Amino acid sequence: MLKLLRQGQVSKWFSGIGQEAVSVGVTSALQDDEYIFPLHRNLGVFTTRSVPLDQLMHQWQGHSSGFTKGRDRSFHFGAPDYFVIGMISHLAAMLSVADGVALAHLLKSEQKIAVAFSGEGGTSEGEFHEAVNLAAVWDLPVLFVVENNGYGLSTPTRDQFRAKNIASKGAGYGIESSTIDGNNILEVYSTVNRIAEEMRKSPKPYLLECKTFRMRGHEEASGIAYVPNELIEEWAAKDPIENFERHLLESNVLRKTEIEDIKEAFKNEINTASGIFKKAESISVNSEVEVNEVYKEAPPVTINIKAGAKTEMRFIDAIKNALGLALKEHQDLVFMGQDIAEYGGVFKITEGFYDEFGSERIRNTPISEAAPLGSALGLSICGIKSMVEMQFADFVSCGFNQIVNNLAKTHYRWGQHTDVVIRMPTGGNAAAGPFHSQSNEAWFFHVAGLKIVYPSSPEDAKGLLLRSFQDPNPILFFEHKYLYRNIKAEVPNSYYQIEIGKAKWAREGDDLCIITYGLGVHWALEAVDRLEIDAAVLDLRTLLPWDKESVREAV
């Protein structure tokens, strides 16, 4: 790979030279169907899981036959057939996803663990704390493996944290932890094997720090001029492959000739796989294909509003009614959020659900936004739907990265849908100040891969919310708080869905047309009546994707 990089055949390479024992040792100790969340220096995870070298080569060159079809590079991809889910550039973001996979194991009564890798630099990220804390509180079987290789790009550990060992952080979370020699593959393997067996029997998280060293730059372009020569020499003597080879020879497990044969066989295998670089693939972009793969196709709406009994419901009652029906319709649907269980949420929308559906499905989270959102992606990877409630839409800023960089992009990048509904109590008119009243839907308008739903009536709120749980894409469901208890209407008691992406006429008229949504619909109707204008009011209902045909017709 270093030769190919110098030849310009690949654009970037992150070398794991000097710390191979961690990747290989950890992966070898796991069951083949236990999920691993590696980083860009963990090539050994992929090779130990027997991911085909030729397909890896296609990925690294950006071929359409790679795991991301040329849409993402290096190790930023998922290979679910091999139970390997790669990283995104934002460090620590995948630790929460591992939480979700581990939660799925608990919900399915599977004796499995999930393993999430982090560098020592990534432990400075807020989401490292959120993910480990959530795993601790929920007793999730996640093994957090920290590869402490001395430098976060060029920043040494002395400028990253003051703790002597990262493992000492475990006590603060109330979980077990330890520090081991990450360059000794036998120590890595035996330690992980023991820990994993214990975690499968008694689910709980574990923090494992592996002391190792990065012998090359963070990526090749950065070099290692910032590393003292004596440090390089010290760790060169601890090379994990050379030391393991020496151990095998001294123990009479292998002879020198056998080792040479093994190396020659690997060399031939690698050369054969890298032959794809001699047949350069011409890259052509089909915009229609690209756009169509941003979202996973949703099943058709089959249950529309039917004639039948109706009940007068406030906006808030319609949402509660929809949530209850969704929990019955989707037997594995999980709700997560702050104070949503016994307390019923700050708006009391989920009140009673904890008693009816149980603590496994109605889950209080710590004061945390990013970790539950990442966990929702992990649940989706394992085929479980989820809803995450932002206590107030304003607080979503603390989980912004998970929404716009993980949930939104994952299907486009490597085909994994994200079956997640995020409820967003939003808006002002409640004297709640600048941190509980923002209408922040515009933050998300231009993020491909998200869907944004914003109803204005109780009937639409119920039908669109039920549809949101049927749609396999990440949906931000905005609920204007002023509407909760200030409007009411006759709403069908039955289960029904309203198609996402379709506007409706709130009023017809010929003089002018007002195009709006949410509380704006009510402002418009009031103004039109007060001014006695023959105006039409078009209620968008969905902001992403928005109904271009209806808007064109209106204009």
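General observations
- Scope the range 167-210; condition crowded, with 23+ Cβ neighbours inside 10 Å and out of contact with any Phe, Trp or Tyr (no Cβ under 8 Å at 6 or more places or on another chain); matching residues: Gly182, Val188, Val192, Glu209, Cys210
- Residue in the range 76-111 that is farthest from Val289 (Cα to Cα), counting only those that are aromatic (Phe, Trp, Tyr) and touching a helix residue (DSSP H, G or I) at 6+ places or on another chain (Cβ under 8 Å): Tyr82
- Just one of the listed residues (Ile303, Ile319) is surrounded by 14 or more Cβ atoms within 10 Å (Cβ to Cβ) and modelled with pLDDT of 95 or more, and it is Ile319.
- Search result, residues across the range 78-107 that are among the hydroxyl-bearing types (Ser, Thr, Tyr) and over 14 Å from Glu369 (Cα atoms): Tyr82, Ser89
- Options Asp394, Asp332, Asp355: the member that is open to solvent by 30 Å² or more (accessible area, probe 1.4 Å), at pLDDT 95 or above, over 19 Å from Phe469 (Cα atoms) and over 18 Å from the mean Cα position of the chain (by Cα): Asp355
- Scanning the range 319-332 for residues that are free of Cβ contacts under 8 Å to residues at least 60 places away in the same chain and either closer than 14 Å to Asn493 by Cβ or polar (S, T, N, Q) (or both) turns up Lys320, Gly324, Lys328, Gln331.
- Here Ala535 meets the list (1) surrounded by 19 or more Cβ atoms within 10 Å (Cβ to Cβ); (2) out of contact with any Cys (no Cβ under 9 Å at 6 or more places or on another chain); (3) over 30 Å from Gly324 (Cβ atoms) almost entirely, failing just condition (2).
- Those strands (runs of 3 or more DSSP E) of the range 455-543 in which 1 or more residues are of a type in the set (Ser, Thr, Tyr) and in contact with a helix residue (DSSP H, G or I) (Cβ under 8 Å, 6 or more places away or on another chain) occupy 512-516.
- Some residue of the range 62-77 being farther than 29 Å from Phe244 by Cα, touching a residue at least 12 places away in the same chain (Cβ under 8 Å), aromatic (Phe, Trp, Tyr) and not in a helix (DSSP H, G or I): yes
- Counted residues, the range 211-239 - those being open to solvent by 30 Å² or more (accessible area, probe 1.4 Å) and either among the β-branched types (Val, Ile, Thr) or outside any loop (DSSP other than H, G, I, E, B) (or both): 13
- Scanning the range 137-166 for residues that are of a type in the set (Gly, Ala, Ser) and in contact with a Lys or Arg (Cβ under 8 Å, 6 or more places away or on another chain), we see that the one that is most open to solvent (accessible area, probe 1.4 Å) is Ala163.
- Evaluation of Val294 against (1) of a type in the set (A, V, I, L, M, F, W, C); (2) more than 30 Å from Ser168 (Cβ to Cβ); (3) open to solvent by 40 Å² or more (accessible area, probe 1.4 Å) (one fails), failing number: (3)
- Residues being in contact (Cβ under 8 Å) with a residue 60 or more places away in the chain, in a loop (DSSP other than H, G, I, E, B) and small (Gly, Ala, Ser) - total across the range 281-318: 3
- Against the list (1) of a type in the set (Gly, Ala, Ser); (2) modelled with pLDDT of 95 or more; (3) over 20 Å from Val26 (Cα atoms); (4) not in a helix (DSSP H, G or I), the condition Ser118 fails is (3).
- The set of residues in the range 397-430 being open to solvent by 10 Å² or more (accessible area, probe 1.4 Å) and outside any helix (DSSP H, G or I) consists of Lys409, Gly415, Gln416, His417, Asp419, Gly428, Asn429, Ala430.
- Every residue from the range 72-129 that is among the aromatic types (Phe, Trp, Tyr) and open to solvent by less than 20 Å² (accessible area, probe 1.4 Å): Phe75, Phe77, Phe117, Phe128
- Qualifying residue in the range 425-444 (condition: more than 21 Å from Lys481 (Cβ to Cβ) and either aliphatic (A, V, I, L, M) or touching a Ser or Thr at 6+ places or on another chain (Cβ under 7 Å) (or both)): no
- For the residues Arg507, Arg530, Arg485, the requirement of being surrounded by fewer than 21 Cβ atoms within 10 Å (Cβ to Cβ), farther than 30 Å from Lys306 by Cβ, modelled with pLDDT of 95 or more and basic (Lys, Arg) singles out Arg530.
- Boolean, Gly520 is out of contact with any Lys or Arg (no Cβ under 6 Å at 6 or more places or on another chain) and within 23 Å of Ser468 (Cα to Cα): yes
The values are calculated or read from the model by the stated rules, or taken from the named source; none is laboratory data. For clarity, every value in this text was computed on a predicted model and none was experimentally measured. Heads up, the Cβs are rebuilt from the backbone with ideal geometry, glycines too, and the neighbour counts pull from every protein chain shown. Please note that ligands, DNA and RNA were not included when accessible areas were found on the heavy atoms of the full protein model with its side chains. Shrake-Rupley method; radii C 1.70, N 1.55, O 1.52, S 1.80 Å.
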